[in-house]
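See structure below.
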Amino acid sequence: MKRSDGLHLLPAIADIAAPDWDGLLDATTDAAPPCLRHAYLASLEETACVGGRTGWTPAHATLWRDGEAIAAMPLYLKHHSYGEYVFDWAWAEAYARQGLDYYPKWVSAVPFTPIPGPRLLGRDTAARSALLEAVLAHVRASGHSSLHLLFPSDEDAALLRAAGMMMREGVQFHWQNRPPHAASGAAEDCSSPAASAGWADFDAFLASLSSDKRKKIRQERRRAAAHGLELRWLDGHAAQPAHWDFLWRCYAGTYALHRSTPYLAPNFFHRLAQRMPSALRLLLASRQGEPVAAAFFLCDGRALYGRYWGTLEDLPFLHFELCYYQAIEYCIEHRLERFEGGAQGEHKLARGLGPVRTTSAHWIADPRFRRAIDDYLTRERLGIDGYVDELHERSPFRQPVTGS
């Protein structure tokens with residue numbers, strides 16, 4: 001559908017054709033995670049995971065010129081702060097104490113998904129910058145409290161800083177398929193698995209760890225293997241509807257254990273398998289043909305992204321086996337560059353995942369709160385610096401692998 005020149009907010013991702021959205025994504029980067037594709041965002045909307053009364057109201061920002069989209073941004077009007085993984089509850093409480101409304105707020109993010117990647121999609125840097133300028137102008141005119149871009153790419157972060165947005169840092173834990181000798185050369189290009197062959201196998205990876213960490217991982221894997229479960233990897237083509245039903249049961253059970261309500265609808269995984277089967281990976285653990293546990297991942301040509309897991313039985317160390325060790329083995333076998341283990345979790349450090357800095361960008365309308373939050377973020381960054389230094393000092397590697 002052709003539109004007049006300028007900014008258009010779309011109430012559904014279906015209002016822009018998939019080739020147009022994905023074309024802007026591909027023009028932005030050759031390494032975008034699958035969750036940014038039109039099919040993923042459409043699956044969330046078609047299964048009512050967002051929209052309606054969920055508190056996530058789609059308003060995807062698109063910039064048009066001569067009847068064609070030249071830039072786009074996943075954008076939502078949020079009525080709460082759930083499902084973001086960048087926590088601003090304290091900011092909302094401060095607004096409430098002053099009798100002000102923090103919600104609704106504008107958020108550019110992939111719902112329920114803390115995977116870093118581009119948020120400003122466009123033909124070129126000029127188009128992406130023009131989109132950001134247009135969105136900021138719209139946000140200012142809307143009268144709402146703020147705009148937040150969560151987990152943007154490094155390239156986006158540079159544009160966001162230049163636009164005067166306040167930057168916040170966080171930490172995730174990623175596993176890099178990069179032996180210590182490959183990471184030690186500053187001039188070596190390690191941007192692809194072919195550049196540094198990566199580990200030959202899981203034993204080679206273990207050999208790079210300190211003896212105590214190596215011993216601990218072997219013990220945990222033995223304990224997990226003692227459960228006698230058969231492990232099987234499936235992609236979206238091979239997995240059957242019953243497998244996705246079982247995954248959702250596991251996923252919902254994990255949320256129930258934490259006394260939380262699952263964000264995703266039961267038919268979400270079915271729809272995702274229909275729309276983008278090649279990007280899905282399902283790891284099933286079964287006993288005598290009956291599934292006991294499952295872990296769900298997204299995958300592209302460079303990385304494996306850990307997302308959800310659950311089990312019907314309380315089996316010690318099965319979580320580590322399915323969610324970390326099997327994922328690392330999968331990356332080594334398929335020559336993937338990295339495994340992104342998701343938000344939070346210092347326990348991942350001892351299992352070979354290293355600290356990686358993430359960012360978010362924030363524009364606050366009220367100048368008083370903007371100054372207070374800017375001061376808070378400055379102090380928080382100092383704390384993050386110290387935290388990352390401490391994590392590197394606790395590296396499990398015999399030869400520390402340089403972090404991102």
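The values are calculated or read from the model by the stated rules, or taken from the named source; none is laboratory data. Worth saying up front: this structure is predicted, and the values here are computed from it rather than measured. Here Cβ is always computed from backbone atoms with ideal geometry, including for glycine, and neighbour counts include all displayed protein chains. We work out accessible area using only protein heavy atoms, side chains counted, and drop any ligands, DNA or RNA first. Shrake-Rupley method; radii C 1.70, N 1.55, O 1.52, S 1.80 Å.
Among the residues of region 2-13, none qualifies, meaning not one is within 14 Å of P118 (Cα to Cα) and touching a strand residue (DSSP E or B) at 6+ places or on another chain (Cβ under 9 Å). On the basis of being open to solvent by less than 40 Å² (accessible area, probe 1.4 Å) and over 25 Å from G117 (Cα atoms), does F339 make the cut? So F339 fails the test. Here region 57-91 is the region considered, the condition is being among the β-branched types (V, I, T) and crowded, with 19+ Cβ neighbours inside 10 Å, and the residue that is farthest from the chain's Cα centre (by Cα) is I70. Highlighted here are the strands (runs of 3 or more DSSP E) found entirely within region 258-336 that include at least 2 residues which are of a type in the set (K, R): 280-287. Selection of region 121-155 for residues being open to solvent by 30 Å² or more (accessible area, probe 1.4 Å), of a type in the set (D, E, K, R) and touching a helix residue (DSSP H, G or I) at 6+ places or on another chain (Cβ under 7 Å) yields only R123.
Scoring A158 on the criteria (1) among the hydrophobic types (A, V, I, L, M, F, W, C); (2) open to solvent by 30 Å² or more (accessible area, probe 1.4 Å); (3) at pLDDT below 95; (4) within 20 Å of T358 (Cα to Cα) leaves a single failure, condition (3). When region 213-238 is filtered for residues that are in contact with a helix residue (DSSP H, G or I) (Cβ under 7 Å, 6 or more places away or on another chain), open to solvent by less than 60 Å² (accessible area, probe 1.4 Å) and closer than 21 Å to G289 by Cα, the ones remaining, listed by number, are A224, H227, L234, D235, G236. Only one of the listed residues (R287, R259) is open to solvent by 60 Å² or more (accessible area, probe 1.4 Å), farther than 17 Å from T113 by Cβ and either of a type in the set (S, T, Y) or modelled with pLDDT under 95 (or both). That residue is R259. In summary, strands (runs of 3 or more DSSP E) completely within region 11-120 and bearing 1 or more residues that are under 27 Å from A141 (Cβ atoms) and either free of Cβ contacts under 8 Å to residues at least 24 places away in the same chain or out of contact with any helix residue (DSSP H, G or I) (no Cβ under 9 Å at 6 or more places or on another chain) (or both) occur at 56-58, 60-65, 76-78, 105-108.
Restricting attention to region 161-191 and to residues that are modelled with pLDDT of 95 or more and under 25 Å from F202 (Cβ atoms), the residue that is most open to solvent (accessible area, probe 1.4 Å) turns out to be Q176.
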